[in-house]
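The structure under discussion appears below in the form of structure tokens.
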Amino acid sequence: MDCPGSRSPLTAHPAPGFSMPPDSHPMSFPRAELTTLVMPHMQNVLGDLFGGHLMSLVDQAAAVAAIRHAGGPAVTASIDRVDFRERIPVGALVTCVATVDYVGNSSMDVTVEVYSEDVPTGQRRHTHTAHVVFARSVLRGEQVQEFLARVLPVSRFADLKVPLTVTAVDLDSGALLLMGDGGLDVPLATALAASCALPVYFPPVEINGRRYADGGLRAVVPLEVAAAWPTELVVAVDTGSGYDEAPAPGPKAPALIAAHDDATRILMAEQTRSALALWRATPGRPPLVYVRPPVERGATFRTDQIRRYSEAGYAAARAALALT
């Protein structure tokens, strides 16, 4: 049975700051092979490997090949085609072999060949072929900058009534970049896009030939930046990842994205805990008003909850300021 698919729009639009040159690795370099035993819980009503389990194995093998070739995150943009040739019974070994066939500016094509092996005889059969398209990020970064340029009342930091500094992190050096007041002068939309370019979800933003991503990777609550300015009081509003997050309502992310989110959440939460402890332990630092509204895990894109989150933020700020 043939299951044709359509190529995702992600494959046709190069993302800013993204480059996967075809000559960066030989095509043989990113080959990936995944083998597992077909267990009873993986069967369909006919006693064969369920198609959903097969698709998961195909996606995992293809992801390993794509990530190896890209040298960084890569996510599934589309599965263009799956050819089901033969059944795979329970008790057989199933092997997925993934190879990169084509590399463009914003995507790559991966072919996955699937084999079934009868354990007692060692006989191996070619059972399926799949074609998977991977992109460097789930969402297109240029759309973010276009949206910001439309909704921002000004285009330059100098035109803001209140001085503003925005942070991003250099993905090659790990250095924290300051933009705006006391930092690099770039268009406001560019700075904000870089500051929210969370890997996997958005591609990096290129500034002066270097790749920048969400400043929260280096400083969720950028207290080290605040420490460099003379001030009598610091108010820090933390809506980033933490150990106190409750699960967000609504649909869950795919397994690969969820694993990335969980790992990033733990790293960011520990980073914030360490930054707060260092601030409070360092003599001579000004008083810190720490505002921590209730934060839900996996709620980054829950725009339908903006009003509820805003009200919770104002309530947390009033409560924290009342203690000063």
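The values are calculated or read from the model by the stated rules, or taken from the named source; none is laboratory data. Small disclaimer: the values here were computed from a predicted structure and weren't measured. Neighbour counts are summed over all protein chains in view; Cβ atoms, including those assigned to glycine, are modelled from backbone coordinates with ideal geometry. Ligands, DNA and RNA are stripped out before the accessible areas are found, and what is left, the full protein with its side chains, is counted by its heavy atoms. Shrake-Rupley method; radii C 1.70, N 1.55, O 1.52, S 1.80 Å.
Summary of computed values
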| quantity | calculated |
| --- | --- |
| Restricting region 29-50 to residues that are of a type in the set (V, I, T) and open to solvent by 40 Å² or more (accessible area, probe 1.4 Å), the residue that is farthest from F202 (Cα to Cα) | V45 |
| Output for region 198-231, where each listed residue is in contact with a helix residue (DSSP H, G or I) (Cβ under 7 Å, 6 or more places away or on another chain) and of a type in the set (S, T, Y) | Y212 |
| Total residues in region 51-95, condition part of a strand (DSSP E or B), open to solvent by less than 40 Å² (accessible area, probe 1.4 Å) and at pLDDT 90 or above | 3 |
| Members of region 273-324 that are assigned to a helix (DSSP H, G or I) and touching a Gly at 6+ places or on another chain (Cβ under 6 Å) | none |
| Residue match in region 6-15 (condition: at pLDDT 55 or above, crowded, with 19+ Cβ neighbours inside 10 Å and either touching a Gly at 6+ places or on another chain (Cβ under 8 Å) or not in a loop (DSSP other than H, G, I, E, B) (or both)) | no |
| Single residue of T129, T111, T167 found to be among the hydroxyl-bearing types (S, T, Y) and either crowded, with 22+ Cβ neighbours inside 10 Å or touching a residue at least 60 places away in the same chain (Cβ under 8 Å) (or both) | T167 |
| Extreme residue, least open to solvent (accessible area, probe 1.4 Å), among residues of region 170-191 that are within 25 Å of H260 (Cβ to Cβ) and assigned to a loop (DSSP other than H, G, I, E, B) | G174 |
| Residue ID - most open to solvent (accessible area, probe 1.4 Å), chosen from residues in region 274-324 that are over 17 Å from G242 (Cα atoms) and among the hydroxyl-bearing types (S, T, Y) | Y314 |
| One residue from F157, F147 being closer than 26 Å to T300 by Cβ and surrounded by 15 or more Cβ atoms within 10 Å (Cβ to Cβ) | F157 |
| Candidate set from region 192-202 (those that are touching a Gly at 6+ places or on another chain (Cβ under 7 Å) and touching a residue at least 40 places away in the same chain (Cβ under 8 Å)); member that is surrounded by the fewest Cβ atoms within 10 Å (Cβ to Cβ) | F202 |
